[in-house]
Amino acid sequence: MPTIARPLTLLLGLALLLAATGDDAAMKLAKQIHAASGGPDWGKVSRIGFTFNVHEGDKQLVSAKHDWDVRGHADTVTWDGKTVTVKLGEKNETGDAKAAHQRWTNDSYWLLMPLKLLDGGVKLAHGGTQSIDGQPCEVLKVSFENVGLTPGDQYNLYVDPQTHLVRAWDYMPSADKKTRGTWEAYEKFGPLTLSTKHDFGGKRITFTDVKVTTD
């Protein structure tokens with residue numbers, strides 16, 4: 001499966017210096033998504049634990065456990081028989097530190113993408129309304145400006161107009177490639193409302209052992 005690798009400046013506490021850009025309708029929708037997911041209370045979150053799982057049929061492809069010290073900007077990742085603690089504000093360009101940082105970037109973005117829409121370097125555009133599985137959804141187009149591990153990625157988010165939660169997205173690593181993924185099984189964890197299941201490109205992504213610690 002492709003790596004969904006996006007910047008996490010908000011989660012490092014740097015987003016106050018920068019902001020997303022977009023048309024008025026796009027910014028309004030992004031703020032609604034952010035609020036519905038618990039964004040206004042993000043500052044209360046001190047620690048997040050979760051396990052990121054990927055299955056294809058009966059085969060488990062990935063199981064990565066995270067113990068993320070949000071305030072300390074560090075994540076302890078356990079996967080493939082190893083445990084690595086990575087400092088998130090450092091470059092982490094080689095070896096296990098690089099692999100652990102990539103794991104954190106990918107896995108936490110799947111968990112927390114709706115809280116990332118207002119980050120600096122994010123470009124937003126409203127895409128009107130489209131029906132998904134018979135239900136009308138607002139479309140939010142997301143791209144990036146020289147940020148993240150894969151700055152060329154683009155997404156279409158399909159948003160429930162009543163709850164303002166994301167129901168599905170299209171992941172587009174290039175203009176000629178598009179993979180649809182669901183966002184479902186939302187649960188409340190402390191102040192955050194998070195999707196814990198995605199069907200994506202024939203694979204099943206789930207989050208287990210999710211724990212959000214607040215002040």
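Computed from backbone phi with θ = phi - 60° and the Karplus coefficients 6.51, -1.76 and 1.60, the 3J(HN,Hα) list for region 42-58 is 4, x, 7, 7, 10, 7, 9, x, 6, 10, 9, 10, 10, 10, 10, x, 8 Hz; x is used for glycine and proline. The longest part of the chain holding none of the exposed loop GluC sites (Glu not before Pro), meaning those outside H, G, I, E and B in DSSP with at most 12 other Cβ atoms within 10 Å, is 1-89. For Gln154, the residues whose amide H sits under 5 Å from its own are Met172, ignoring neighbours fewer than 5 places away on the same chain, with H placed 1.01 Å from N. Between Arg71 and Thr129, with labels modelled 7 Å along Cα→Cβ, what's the label distance in nm to one decimal, could you check? Once both label points are built, they end up 4.5 nm from each other. Cross-link partners of Lys123 among lysines, defined as those whose alpha carbon lies under 23 angstrom from its own and excluding same-chain residues fewer than eight positions apart: Lys28, Lys31, Lys141, Lys177, Lys178.
Residues whose amide H falls under 5 Å from that of Thr85, counting only those 5 or more places apart or on a different chain, are Val77, with hydrogens built in the peptide plane.
Only lysines eight or more places from Lys87 in sequence, or on another chain, were considered; those with a Cα closer than 26 Å are Lys44, Lys65, Lys98, Lys116, Lys211. Normalised by the number of residues in the chain, what is the relative contact order in percent for Cα pairs under 8 Å and 6+ residues apart? Normalised by residue count, the contact order of the chain is 26 percent. Under a 5 Å amide H cut-off, with hydrogens placed 1.01 Å from N, Val62 pairs with Val54 among residues at least 5 apart or on other chains.
Leaving ligands, DNA and RNA out of it, report the carbon-plus-sulfur percent of the accessible area of the chain at a 1.4 Å probe. Answer for the chain is 49 percent, counting heavy atoms of protein chains only.
The values are calculated or read from the model by the stated rules, or taken from the named source; none is laboratory data. The structure displayed is predicted, hence computed values, not measured ones. Reconstructed Cβ throughout: ideal geometry from the backbone, glycine too, with neighbour counts over all protein chains shown. Heads up: the accessible areas ignore ligands, DNA and RNA and are worked out on the full protein's heavy atoms, side chains in. Shrake-Rupley method; radii C 1.70, N 1.55, O 1.52, S 1.80 Å.
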